[in-house]
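See structure below.
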Number of protein chains: 4
Amino acid sequence: MLTPLSDRDTLDVAGLERLIEHILAGGVHGLFILGTTGEGPSLSYRLRQELIERTCRLVKGRVPVLVGITDTAFVESVKVARWSADAGADALVVAPPYYLPEAQPELQEYISHLVPELALPLFLYNMPALTKVAFEPETVRQAMDDPRIIGLKDSSGNMTYFHRLAALLKHRPDWALLMGPEELLADAIFAGGHGGVNGGANLFPGLYVKLFEAARAGDLARVRTLHAQVMTVSERLYRVGRHSSALIKSLKCALSLLGVCNDFMAEPFQRFRELERQRVREILDELGPIDLTP
Amino acid sequence: MLTPLSDRDTLDVAGLERLIEHILAGGVHGLFILGTTGEGPSLSYRLRQELIERTCRLVKGRVPVLVGITDTAFVESVKVARWSADAGADALVVAPPYYLPEAQPELQEYISHLVPELALPLFLYNMPALTKVAFEPETVRQAMDDPRIIGLKDSSGNMTYFHRLAALLKHRPDWALLMGPEELLADAIFAGGHGGVNGGANLFPGLYVKLFEAARAGDLARVRTLHAQVMTVSERLYRVGRHSSALIKSLKCALSLLGVCNDFMAEPFQRFRELERQRVREILDELGPIDLTP
Amino acid sequence: MLTPLSDRDTLDVAGLERLIEHILAGGVHGLFILGTTGEGPSLSYRLRQELIERTCRLVKGRVPVLVGITDTAFVESVKVARWSADAGADALVVAPPYYLPEAQPELQEYISHLVPELALPLFLYNMPALTKVAFEPETVRQAMDDPRIIGLKDSSGNMTYFHRLAALLKHRPDWALLMGPEELLADAIFAGGHGGVNGGANLFPGLYVKLFEAARAGDLARVRTLHAQVMTVSERLYRVGRHSSALIKSLKCALSLLGVCNDFMAEPFQRFRELERQRVREILDELGPIDLTP
Amino acid sequence: MLTPLSDRDTLDVAGLERLIEHILAGGVHGLFILGTTGEGPSLSYRLRQELIERTCRLVKGRVPVLVGITDTAFVESVKVARWSADAGADALVVAPPYYLPEAQPELQEYISHLVPELALPLFLYNMPALTKVAFEPETVRQAMDDPRIIGLKDSSGNMTYFHRLAALLKHRPDWALLMGPEELLADAIFAGGHGGVNGGANLFPGLYVKLFEAARAGDLARVRTLHAQVMTVSERLYRVGRHSSALIKSLKCALSLLGVCNDFMAEPFQRFRELERQRVREILDELGPIDLTP
């Protein structure tokens, strides 16, 4: 979930409520806050706490709330985890600390020290492009021995890696293996994964839910139709900006045009200027009824 | 400067005092805290504040104190900057926010928003291996137009880049261009740089000060002798561990063996085990009188 | 197809014949020689010519023969292309020249100069990990306007990229979009691709053919069973060595143990030593009847 | 040395003669042909042979001629080496085979197999950005035990690596340690290196020779003046184009404007178009008397 902001350190509270209702109306099965798309690392701790509390209060248990606690500082991760448990969140998500890169034995030891400090179950978050370090399959295999670790979200975009993890699921049939990039949601389900954490679901939640269901049902024809729409969103909307931040900026911009929430971006990024905003408006017009596909 | 710790969130206060006196006795011209070697991103904000305050109090103005405020969250950087000003530090140091990478225009805008929030002059910190993003020469050139930005520390290890920045100094003769990797300290001075920020100076401060002075004096023969010792420290001591964290671990281990401070490492890293500690002990014995070179 | 060698510049002629019959018996729909797994760039031009001629003669038109002409030198690529046409091959395959990396406009111009020199239709070969440069979707789109370019093999392992290319197929319904990594063969078919170029098919050709057919038939349950075997081959066999060359070495070693062909490797690589050979023998014993799956 | 071409597979014979005389007139101490700047990997073998023979004949022993034999195919490297010996060249230069990357033990074995096949002494050529693989210091140390290997050219741009190699020279006082990037020529001499292989010396040979001599003499003031000119050439001339190929294109363009040789580029690259050519003309006018510095 995006984090609606109205200023550098101010939540867009009304926008947050509208965004949550917009997403839940699309039928999603959970909410993940304070991830990459949620600009987690860019937010002050005060604001992170406020977001956790408000989100849990607004969701009211309708779907599970997962909270990202990734941080370079162990003590701060534990603090965010505590706020999450206190607010009634359901699970935590952690990527490797992302300043100085860890070797796998260091990462394994880190996880083994972190888990006992947490009052909620934990998902691992594989995001090597941003954290420099991947959870190697051997490390995941080891993590599976700890019942407090209940799944992994893979945002590597590396489908072979995903298959390698899927082959490990026999050791923990209760694990949830989730796909990050929405372009690979269907592939992930076919590969034995359990779902996706799709940034685009902030905007078109129904599209991704339907694709998920079609893939689960093995309805290849319907998957192809829906996946083509997912690719259109990616190819058109996310290419308005040229930088790494384009996905977040374009989603926030589109939601602002739809009247859902503010498009303010946390530093070091800035919302789209008028030129790009105009492009997003045109693309939304073309995509128009995408989320209404029956 | 390393950050002496006695536990996950506890400063080694006595060790901090001994470490500062050890370093200052070597004749260094400034102290940089909360950088990479100082494990800045791994420390809780509470501990960062304590470290800033204690360091400024212990240094008592004998040399300038520079404080790293690099953070993925703008608001937290500003908070650390305020603590630094309140504690009497002399300057701040900032690397690019290091989660989602910025394009240069985004980085330029970030810096232009940050500087007005700071009560102290600012150094840029180029560290692309860890932040993913470099301060490109064009961005540095632009930053030179702001008198509140007073220098740059380059830890890229890219000597051609350093030469490119040195060629820009004509636009700001008052700027300080500093070298990160200690193996390149002498090269940096020959290239027109003004000094180095050397992790090894935690252990052998006199060695790097003497090398700096020899390079400034253009004494090539003496530079060669002293630089050979610098290379020996790097090739022997920093290669005890095999991971990115080896430099910090080996310096902390050596200082602990010398009775200066505790070798506790902030998560996600751990101090050397006994085997590596024994190796460090042997190497220290061999290097022995390195810092006493007249 | 692997290139069976009996010495640095000598084809294992009897092994080549046995290997071709072994692969064709598995039901494959084409043979690609002088690719990465075929050690193309490591072979002398004389040997490349001999391999092309012998392969075409042995295959006798039973399946199409594709020949890799990738080279840093344009003139040499054209020479290999001419030998291929003279020998009766069916198509050529070219990756970007892989020494100094090209920008996309340079790559586009290169392809536009190369095609008119070729007497056979051309496949593009996307292999950025080894060539440094990818065929960006815009470049592929442009190549589709030339009827002499008839397809692309994608060995990037980047499934999102594959989906982006699949979305372009509407512009050239006759194109063949092929997957490189065999772990992604089924994903590729589901994504609208037309087949795979699987190194493992040197050893277990039937396995990959059956997986291809199951995916084409949309038989998800059978795909899952066969894909699990593919993953087992990858996870067990290809991990015997630790370097980039492990896949080729382990396949050659296994085929040598099965009496199909020599395991001599072209420089700069060397065949497995006895220790690894013993591991491969054990793994083959365990995998045993993998190719006999009905 | 650049390779003057008048067409895809045709040497610019008159240009070659003028270029050699132009360079030798500047006082250089050797000529290295068929390297990266010489477009070695892009040239047909026939043309490589012709270039070797003509160059040796034209140089007539006035300076040593070094020939690049880097190739992905062992057999072809040996062939080029034989032509070099037959033509009267003085030494060979080899970088790691650059398609599938080698691990260090594989690279060591490769070198140990290659050297006995060569009739001339060998330089190693460290160029990891293009070959993917570096000669790690341990591998260089091992190579020093073979008297037929007589030096190394380092084009990594990594000055710390260069210092590490310089520290190994005590094991082979007769070795020549050469710097690739011309921006680091002076640094290399101060670090104990023996010279540079400077692309810019095709255009302004005297400049680099004078810088080399000033650095050898320890004349820091003169080094600073000359090095500023070197940086000006790099910052102005080599930035006319934006791609990796810009250095070669701009040098060839400038020499063509000066009437020395043709600016035809081997595929996959193309000479500058008129717009960039005009830029180069203007820059040459500004730089004008650079090579005449007394």
Return the residue satisfying two criteria in turn: it lies in the stretch A:83-100 and is open to solvent by 30 Å² or more (accessible area, probe 1.4 Å) and of a type outside the set (A, V, I, L, M, F, W, C), and of such residues it is farthest from residue A:65 (Cα to Cα).
A:86
If we scan the stretch C:157-168, do we find a residue that is more than 10 Å from chain A (Cβ to nearest Cβ), of a type in the set (S, T, N, Q) and without any contact (Cβ under 8 Å) to a residue 40 or more places away in the chain?
no
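Sort out which residues of the stretch C:21-32 are outside any helix (DSSP H, G or I) and small (Gly, Ala, Ser), and write them in order of number. Working first, answer last.
Here is the first cut: in the stretch C:21-32, the residues outside any helix (DSSP H, G or I) are C:26-32.
Across the stretch C:21-32, the qualifying residues are C:26, C:27, C:30.
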Does residue A:115 fit the bill of being within 24 Å of residue B:131 (Cβ to Cβ) and either out of contact with any Asp or Glu (no Cβ under 7 Å at 6 or more places or on another chain) or of a type in the set (Val, Ile, Thr) (or both)?
no
Between a first residue in the stretch A:172-192 that is within 17 Å of residue C:211 (Cα to Cα) and a second residue that is part of a loop (DSSP other than H, G, I, E, B) and not basic (Lys, Arg), which pairs have beta carbons less than 8 Å apart while being 6 or more apart in sequence or on different chains?
A:187/C:191
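One line per residue, one yes/no per condition, for (1) crowded, with 24+ Cβ neighbours inside 10 Å; (2) farther than 21 Å from residue D:110 by Cβ:
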| site | (1), (2) |
| --- | --- |
| D:129 | no, no |
| D:132 | no, no |
| D:137 | no, no |
| D:141 | no, no |
| D:169 | no, yes |
| D:188 | yes, yes |
Selection within the stretch C:12-48 - open to solvent by less than 10 Å² (accessible area, probe 1.4 Å) and among the β-branched types (Val, Ile, Thr):
C:20, C:23, C:33
Within the stretch B:49-58, track down each residue that is surrounded by fewer than 21 Cβ atoms within 10 Å (Cβ to Cβ) and either among the aliphatic types (A, V, I, L, M) or more than 19 Å from residue B:21 (Cβ to Cβ) (or both).
B:49, B:58
Within the stretch C:224-234, is even one residue free of Cβ contacts under 8 Å to residues at least 12 places away in the same chain, surrounded by fewer than 17 Cβ atoms within 10 Å (Cβ to Cβ) and within 14 Å of chain D (Cβ to nearest Cβ)?
no
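Does residue D:18 meet the test of being part of a helix (DSSP H, G or I), touching a residue at least 12 places away in the same chain (Cβ under 8 Å), away from chain C (no Cβ under 14 Å) and not acidic (Asp, Glu)? Please lay out each step first, then the result.
Details: part of a helix (DSSP H, G or I): yes; touching a residue at least 12 places away in the same chain (Cβ under 8 Å): yes; away from chain C (no Cβ under 14 Å): yes; not acidic (Asp, Glu): yes.
Yes: the conditions hold for residue D:18.
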Based on what the data block shows, is residue C:101 free of Cβ contacts under 8 Å to residues at least 60 places away in the same chain and either hydroxyl-bearing (Ser, Thr, Tyr) or under 21 Å from residue D:8 (Cβ atoms) (or both)?
yes
Looking at this structure, is residue C:267 in a helix (DSSP H, G or I) and either open to solvent by less than 70 Å² (accessible area, probe 1.4 Å) or modelled with pLDDT under 95 (or both)?
no
Right, residue C:206: more than 14 Å from chain D (Cβ to nearest Cβ) and either free of Cβ contacts under 8 Å to residues at least 60 places away in the same chain or buried (at least 18 other Cβ atoms within 10 Å of the Cβ) (or both) or not?
yes
Residues of the stretch B:244-259 satisfying the condition of being more than 19 Å from the chain's Cα centre (by Cα) and not in a helix (DSSP H, G or I):
B:258, B:259
Search result, residues across the stretch A:59-82 that are among the aliphatic types (A, V, I, L, M), open to solvent by 10 Å² or more (accessible area, probe 1.4 Å), in contact with a helix residue (DSSP H, G or I) (Cβ under 7 Å, 6 or more places away or on another chain) and over 14 Å from residue A:120 (Cβ atoms):
A:63
Turns out the helices (runs of 4 or more DSSP H) fully within the stretch D:33-146 with at least 1 residues that are closer than 23 Å to residue D:2 by Cα and either more than 14 Å from every other protein chain (Cβ to nearest Cβ) or among the basic types (Lys, Arg) (or both) are D:45-59, D:74-87
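The values are calculated or read from the model by the stated rules, or taken from the named source; none is laboratory data. Since the model is a prediction, treat every value here as computed from it, not as a measurement. Cβ coordinates were reconstructed from backbone atoms using ideal geometry, including for glycine residues, and neighbour counts include every protein chain displayed. Note: areas computed on protein heavy atoms with side chains; ligands, DNA, RNA excluded. Shrake-Rupley method; radii C 1.70, N 1.55, O 1.52, S 1.80 Å.
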